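Asks: Take this structure, written in structure tokens, and hold onto it; I'll ask about it next.
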Amino acid sequence: MTTPNPSRIVRHDARPEGWVPPQGDDHMQQISDHIERHVGPIAMVFHELVSDHVHVDVHHVAPTAERPWHTLITSGMSDLPMQAPEGMEECRHAELLIELPADWPLNQADWRDERNYWPIRWLKMLARMPHEYRTWLWYGHTIPNGGETPEPFADDTRLCGMMLTFPYSLPVEFFRLTVKDGQTIHFWSLWPLHREEMDYKVKNGAEALEERFTKWNVGPVVDRARPNVCRRWLGLF
């Protein structure tokens with residue numbers, strides 16, 4: 001197997017086609033069982049009413065004493081294969097997750113405010129993106145919010161891009177699921193980034209950026225106001 005490029009940054013300027021009805025296999029029950037086996041009981045599933053390419057639902061695991069934060073995990077992204085490079089055919093199916101603080105508003109009425117909704121928006125958007133643009137997502141890929149000058153996700157944060165990485169807070173057994181048809185689904189955690197962190201990752205690789213997260217004690221749970229671990233690298237302080 002060839003090694004994925006950990007420094008790839010994904011940009012797509014225009015959608016190549018219009019609405020496409022969902023198609024492909026439905027792995028929702030197997031994914032649900034996998035979540036409950038390794039993460040915890042599913043408290044709620046946010047079902048999608050109108051779907052494009054794939055039907056993306058979001059499974060919510062509520063905070064517990066052991067994991068005092070919300071975990072949101074997609075199902076549906078893996079219903080269709082991504083366009084993985086030659087030699088990486090076993091990497092064509094994936095789902096995504098994001099971890100939010102226990103006090104993050106998760107009532108759908110609260111989601112009318114983009115300051116509350118952007119993590120859910122990005123889960124669903126990235127779950128659909130490989131199928132809309134005939135591409136793939138893998139470890140270390142970063143996706144900016146916007147073009148050459150990424151914009152913050154909301155007006156209360158400077159975070160402006162996402163990186164895919166391993167779901168380090170979960171058991172390693174959760175990282176992959178082989179479903180009944182023999183396909184392997186990979187689960188990736190979304191980590192929001194500052195612009196300088198995206199630049200650093202492109203130059204030095206995802207593992208180097210993760211080392212900085214470890215040094216600064218930055219974990220997977222989203223923190224709107226967390227420090228930028230790469231400002232010193234750029235001589236900004």
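Asks: Rounded to a whole number, what is D in µm²/s for segment 128-195 from Stokes-Einstein with the Kirkwood radius over alpha-carbon pairs (25 °C, 0.890 mPa s)?
Replies: Stokes-Einstein gives a translational diffusion coefficient of 178 µm²/s.
Asks: Can you tell me how much longer the chain between Arg134 and Ala225 gets when fully stretched, taken as 0.36 nm per residue apart minus their C-alpha distance, in nm with one decimal?
Replies: Answer, rounded to one decimal: 29.4 nm.
Asks: Something else: Considering only Val172, Val54, Val39, give the residue with the highest GNM mean-square fluctuation for the chain, with springs between Cα atoms whenever their separation is below 10 Å.
Replies: Highest fluctuation among the options: Val172.
Asks: Also: Charges only on Cβ, +1 for Lys and Arg, -1 for Asp and Glu: so what's the dipole of the chain about the Cα centre, in debye to the nearest 20?
Replies: 720
Asks: Of Ser78, Ser189, Ser32, which has the largest mean-square fluctuation in a 10 Å C-alpha GNM of the chain?
Replies: The residue that fluctuates most here is Ser32.
Asks: Could you work out the equivalent-ellipsoid semi-axes for segment 165-223, taking the square root of 5 times each eigenvalue of the Cα gyration tensor, largest first, in whole Å?
Replies: Its equivalent ellipsoid spans semi-axes of 27, 13, 10 Å.
Asks: Report, largest value first, the span of the C-alpha coordinates of segment 81-126 along each principal axis, in whole Å.
Replies: Between the extreme Cα coordinates on each principal axis of segment 81-126 lie 44, 19, 13 Å.
Asks: Can you work out the FRET efficiency for the pair Asp181 and Met88, with r the C-beta to C-beta distance and R0 = 25 Å, to the nearest 0.05?
Replies: In this case the efficiency is close to 0.85.
Asks: So, one more: Most mobile of Met28, Met198, Met163 per a Gaussian network model of the chain (Cα springs, under 10 Å)?
Replies: Judging by the Gaussian network model, the answer is Met28.
Asks: So, one more: Treating the chain as a set of equal point scatterers at the Cα positions, no solvent, please give the Debye-formula log₁₀ I(q)/I(0) at q = 0.08, 0.10, 0.12, 0.18 Å⁻¹.
Replies: -0.28, -0.44, -0.66, -1.61
Asks: Specify the longest stretch of the chain that does not include any exposed loop site, a site being one of the GluC sites (Glu not before Pro) with a non-H, G, I, E, B DSSP assignment and at most 14 other Cβ atoms within 10 Å.
Replies: 149-237
Asks: Can you pick out the pairs among Lys124/Lys203; Lys124/Lys201; Lys180/Lys203 whose Cα atoms lie more than 30 Å from each other?
Replies: The answer is Lys180/Lys203.
None of the figures in this text is laboratory data; all of them are computed from the coordinates on show. Everything quoted here is computed from the prediction, not taken from an experiment. We place every Cβ from the backbone using ideal geometry, glycine too, and count neighbours over all the protein chains shown.
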